[in-house]
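Just below is one structure, and these are the notes that go with it.
The values are calculated or read from the model by the stated rules, or taken from the named source; none is laboratory data. This structure is a prediction, so every number in the text was calculated from the model and none was measured. Note that each Cβ is placed from the backbone with ideal geometry, even for glycine, and that neighbours are counted across all protein chains shown. Calculation scope for accessible area: heavy atoms of the full protein, side chains included, ligands and nucleic acids excluded. Shrake-Rupley method; radii C 1.70, N 1.55, O 1.52, S 1.80 Å.
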Amino acid sequence: MILSIESSCDDSAIAITDISSKKLLYHNKISQEAEHSAYGGVVPELASRLHAVGLPEVLEGALPYIDRLKAVAVTNQPGLAITLNEGLMMAKSIALLQHIPLIPVHHLKGHIYSLFIEKETIMPLLVLLISGGHTQIIRVEHFGHMEIVATSMDDSIGESFDKVAKMMGLGYPGGPLIEALARQGDENRFSLPVPLRNSPLIAFSLSGLKNAVRLEVERLGGEAHMSEQDRADLAASFQKAIKLHLLQKSKKVFAKEPIKDFAMVGGASANLYLRNAYEDLCRTFGKTMHTAPLKYCSDNAAMIGRYAIDAYHQETHCDPLAVHVERSRKQQNGTLL
Ligand code: KG4
Ligand code: ZN
């Protein structure tokens, strides 16, 4: 069995996964969304204090398995350095006490493996990863080779949902709030710019669109003066622009990618409006679409554990003392490190 820990942002999560059957035996997560909501985003200092309480709490249910562990896995990049370190210190302690190896896991590769929880892997695979920190299209050839083919030049999709929600006084996280509000709105009321529409670049950009929403909020007299209908219409129009942007760039990738399997992962892949749009796109291009169960789209430890099973078989596990939190860098196109 493998014990896996996730603490890269605002979720304290721990899982136990059986190595040979890939079965998830235990998963528990404490989300800090409510605590960060008042600030309209994640406050690192607060996140760190909450992990200090949350991680031991979710560890408790994993203790009955502790003597049967073959390895411990932990997210060590990318993410908030202070919260990653809290998970890493716990992982190191368990690994050293049990005399077992430690498997460092790249959070984005973990998101990709959310597709394979309790399942066999499907590779090669084309993946759209849309989370709070990243927006990328990744070509996954196999476990050891993942290539970023398109990435955001500024904000990520999830981040733009969060910032737009904050502008409209909705709270955090913005994604689910905007999606729900958009269902009551007219997506054609505001004509917001579709980012990079006339650019040949295969890349994403969200900051211009975010600014266009800000200008509409100002035009309406500020957030406090917006009616419920104004909010719903603006949410719907924003979500439509996001969809058109994602589809336009994805079409360019689809047109030259022979890989038949396509997947959406990450927190924003829980968005059903975006999922439906990609279902249609996949049908047009003859691709098969895959998604993770809704509960495993956002950060969790089950995906970290599932990745760790493949890493365990590849013997990429390490001496616990040699694993560190890697410095986060904004990765452009190229191999996903
Ligand atoms: O993957 P995730 O849990 O954490 C990161 O690795 O960043 O993603 C969190 C992000 C947040 O920005 C949140 O607003 C967004 O995912 N999100 C959504 C939806 N549910 C969560 N965005 C759009 N629509 C949703 N339904
Ligand atoms: Zn994530």
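Screening residue 132 against (1) crowded, with 22+ Cβ neighbours inside 10 Å; (2) outside any loop (DSSP other than H, G, I, E, B) leaves a single unmet condition, (2). Of all residues in the stretch 156-180, those being under 13 Å from residue 213 (Cβ atoms), open to solvent by less than 40 Å² (accessible area, probe 1.4 Å) and of a type in the set (A, V, I, L, M) number 5.
Checked against (1) within 16 Å of ligand 1 (Cβ to nearest atom); (2) farther than 25 Å from residue 19 by Cα; (3) among the small types (Gly, Ala, Ser), residue 199 passes all but a single condition, namely (1).
Conditions tested, residue by residue: (1) more than 13 Å from ligand 1 (Cβ to nearest atom); (2) outside the structural domain of residue 48 (by TED's automatic domain parsing).
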| position | (1), (2) |
| --- | --- |
| 92 | yes, no |
| 96 | yes, no |
| 99 | yes, no |
| 107 | no, no |
| 112 | no, no |
| 131 | no, yes |
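For residues in the stretch 133-154 being closer than 18 Å to residue 247 by Cβ and within 13 Å of ligand 1 (Cβ to nearest atom), which is nearest to the chain's Cα centre (by Cα)? Among those that are closer than 18 Å to residue 247 by Cβ and within 13 Å of ligand 1 (Cβ to nearest atom), it is 135. Those helices (runs of 4 or more DSSP H) of the stretch 23-106 in which at least 1 residues are more than 24 Å from the chain's Cα centre (by Cα) and at pLDDT 95 or above, considering only elements entirely within it, cover 81-98. Under the condition of being open to solvent by less than 10 Å² (accessible area, probe 1.4 Å) and either hydroxyl-bearing (Ser, Thr, Tyr) or in contact (Cβ under 8 Å) with a residue 60 or more places away in the chain (or both), the residues counted in the stretch 12-44 number 7. Go through the stretch 137-154 and give me each residue that's surrounded by fewer than 23 Cβ atoms within 10 Å (Cβ to Cβ) and within 15 Å of ligand 2 (Cβ to nearest atom). Scanning the stretch 137-154 gives a single hit, 152. Within the stretch 232-278, the set of residues being without any contact (Cβ under 8 Å) to a residue 40 or more places away in the chain and closer than 13 Å to residue 160 by Cβ comprises just one member, 243.
Please verify whether residue 226 is more than 16 Å from ligand 2 (Cβ to nearest atom) and open to solvent by 20 Å² or more (accessible area, probe 1.4 Å), treating the condition exactly as stated. No, not satisfied.
Scanning the stretch 117-151 for residues being farther than 24 Å from residue 207 by Cβ and not hydroxyl-bearing (Ser, Thr, Tyr) gives a total of 18.
Tell me, which residue of the stretch 265-302 that is more than 16 Å from ligand 2 (Cβ to nearest atom) and of a type in the set (Ser, Thr, Tyr) is least open to solvent (accessible area, probe 1.4 Å)? Per the criteria, the residue is 278.
To keep it simple, each residue is scored yes or no on (1) over 17 Å from residue 197 (Cβ atoms); (2) of a type in the set (Lys, Arg); (3) assigned to a loop (DSSP other than H, G, I, E, B); (4) at pLDDT 95 or above.
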residue	(1), (2), (3), (4)
217	yes, no, no, yes
232	yes, no, no, yes
239	no, no, no, yes
242	no, no, no, yes
245	no, no, no, yes
251	no, yes, no, yes
